[in-house]
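Worksheet: one structure, shown below.
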Amino acid sequence: MNVSQRSRRYDAIVVGVGGMGSAAAYYLARRGKRVLGLERFGIPHTMGSSHGHTRIIRLAYYEHPSYVVLLRRAYELWREIQETAKERLLYMTGSVDAGPEDSWVFRGSWDSCKLHDLPHEVLTGAELRRRYPAYHLPPQTAALLQPEGGFLTPERCIVSYVMAAQALGAEFHAFEKVLEWTPLEGGVRVRTDRDTYEADKLVVTAGAWNGALLDVLNGLAVPERQVLAWLQPIRPEYFRPSTFPVFNLLVDEGRFYGFPVFGVPGFKFGKYHHLEEDVDPDSVDREVHERDERLLRSFAERYFPDGCGPTMNLQTCMFTNTEDNHFVIDLHPDYPQVSLASPCSGHGFKFASVVGEIMADLAEKGMTRHDIGLFRLDRLLRQRTPSASPAYRTERPEQTLHEYNGRSHSFPRTEDVKPFW
Ligand SMILES: Cc1cc2nc3c(=O)[nH]c(=O)nc-3n(C[C@H](O)[C@H](O)[C@H](O)COP(=O)(O)OP(=O)(O)OC[C@H]3O[C@@H](n4cnc5c(N)ncnc54)[C@H](O)[C@@H]3O)c2cc1C
């Protein structure tokens, strides 16, 4: 073996240097592993799922109370990496999870606080407005306020993890697309549009493109177009990080999330599952149209009228959804030297730190001390229909809007999904 061949062998190759891949590369490098991170775009970039200046982090977790355990570790690790990076990545504003009193957003959030003994307050819409005047929710709305909510700065988190990994010797190649991987006896071979590499372990964290690299995920982790708006507040004093907690709101129009002004001269918000457009990540419509802006502005006009000045920015982004909206984090079912993470369904970024640690565990030991039972791939494989059509498109009777996730078509409700936890 000559020198150049030898230099292409790594302990681990990480495919996709976004939220999850950057953290996975860092935690592998910290364990002394020789790591190569391959990224098809620049680092960071705006083509995937981890751009737009801010991502909500919150401890109260209506999606499933089990996430709280992982979140505690995620917070710890975010604080650690911001210390290493000497840069603030985590901003605390408090978080509001609100909706009708019997809604899964409010109830689920409240249950998670009670189960995990999290500090919280329950307020009516009217009380919330007295405390935070930007919020104009219907008076009968139930709002859970949790003080440890806030936001992360996603592009800076990725940069911080990559730089910390580089300092430990990790290599990153941007603008290098992985075309295929092949299992070998005791490793993998990875072919890109520039070169071929070998490694003992492969970590696939390719976000919306995971399905293209992993047949087992095809149709089970489905990319969806999202749109974000930033509006200049009419009363800027109501929309500062100190006066405006991040929110998740279930209202007549669907489920929305939002942030104080940060990084862009406008307060940012979006609707979960926006226009319900499942997409191919290579041909997703990245333009923002009048119908996108109209949908978002009409939400703000009704619930945040003091935030509803001129539009400052509009962007598209992609969710990658599973049928039950829980993540996929697992070893490949046929090749244990390959691990994969698809932690999105619109709520994954806050976990990137702990997912990075989990991916390092899976690559290093094939197991992790974290409980990832909820995220096992086999729960989705069991539901897969034998036909080629993706599971999420299976026709079921329509459920009413807001029954699950603010998404009007045929996902099951959270409570119908049997967790493996
Ligand atoms: C609009 C929007 C708002 C959101 N809000 C929140 C929020 O407030 N809080 C929260 O916790 N989560 C939120 N999420 C979800 C969160 O952002 C995602 O879960 C997270 O960013 C997913 O990270 P990832 O690493 O899986 O994907 P990405 O960060 O997209 O990384 C995947 C990477 O793989 C690369 N790649 C793909 N294929 C290849 C290949 N063949 N070769 C090389 N590289 C490849 C891609 O270019 C990309 O860089 C939001 C998502 C969106 C879209």
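The values are calculated or read from the model by the stated rules, or taken from the named source; none is laboratory data. As the structure is a computational prediction, the values presented were derived from the model and not from experiment. Virtual Cβ from ideal backbone geometry, glycine too; neighbours counted across all protein chains shown. Side chains included, ligands, DNA and RNA excluded: accessible areas come from the protein's heavy atoms. Shrake-Rupley method; radii C 1.70, N 1.55, O 1.52, S 1.80 Å.
Brief remarks follow.
- Compactness of the range 265-341 is given as radius of gyration and Dmax, 17.5, 54 Å, from Cα positions.
- Translational diffusion of the range 318-390 was estimated from the Stokes-Einstein equation, with Rh taken as the Kirkwood radius over Cα pairs; at 20 °C and 1.002 mPa s the coefficient is 165 µm²/s.
- Summarising the amide proton neighbourhood of M312: residues at separation of 5 or more, or on other chains, whose placed amide H is nearer than 5 Å comprise W230, L231, Q232.
- Relative intensity, log₁₀ I(q)/I(0), of the range 215-329 from a Debye sum that treats every alpha carbon as a point, q = 0.09, 0.15, 0.17, 0.21 Å⁻¹: -0.27, -0.69, -0.84, -1.14
- Descending Cα extents along the principal axes, the range 51-174, whole Å: 55, 30, 23
- In the context of the full set of protein chains, the chain has a per residue accessible area of 40 Å² (1.4 Å probe).
- In this structure the amide hydrogen of Y10, modeled in the peptide plane, comes within under 5 Å of the amide hydrogens of E198, A199, D200, none closer than 5 places in sequence on its chain.
- Kirkwood-Stokes translational diffusion coefficient of the range 1-86, alpha-carbon pairs, 37 °C, 0.692 mPa s, µm²/s: 213
- The amide H of V251, built 1.01 Å from its N in the peptide plane, has F256 as neighbours under 5 Å, considering only residues 5 or more places off or on other chains.
- Three-way shape call for the range 123-253 based on the alpha-carbon gyration tensor, with the a/c threshold at 1.5: prolate
- Working from Cα pairs under 8 Å separated by at least six residues, relative contact order for the chain is 20 percent.
- Area projected by the alpha carbon convex hull of the chain, averaged over all directions, nm²: 19.5
- Kyte-Doolittle mean at least 1.0, axial Cα span of 15 Å or more - DSSP H helices of the chain: none
- Carbon plus sulfur fraction of accessible area for the range 103-226, probe 1.4 Å, in percent: 51
- Rounded to the nearest 20 debye, dipole of the chain from Cβ charges on Lys, Arg, Asp, Glu: 940
- The calculated FRET efficiency for D117 paired with D371, based on their beta-carbon distance and R0 = 25 Å, is about 0.85.
- Solvent-accessible area of H173 with every protein chain in place, 1.4 Å probe, in Å² to the nearest 10: 40
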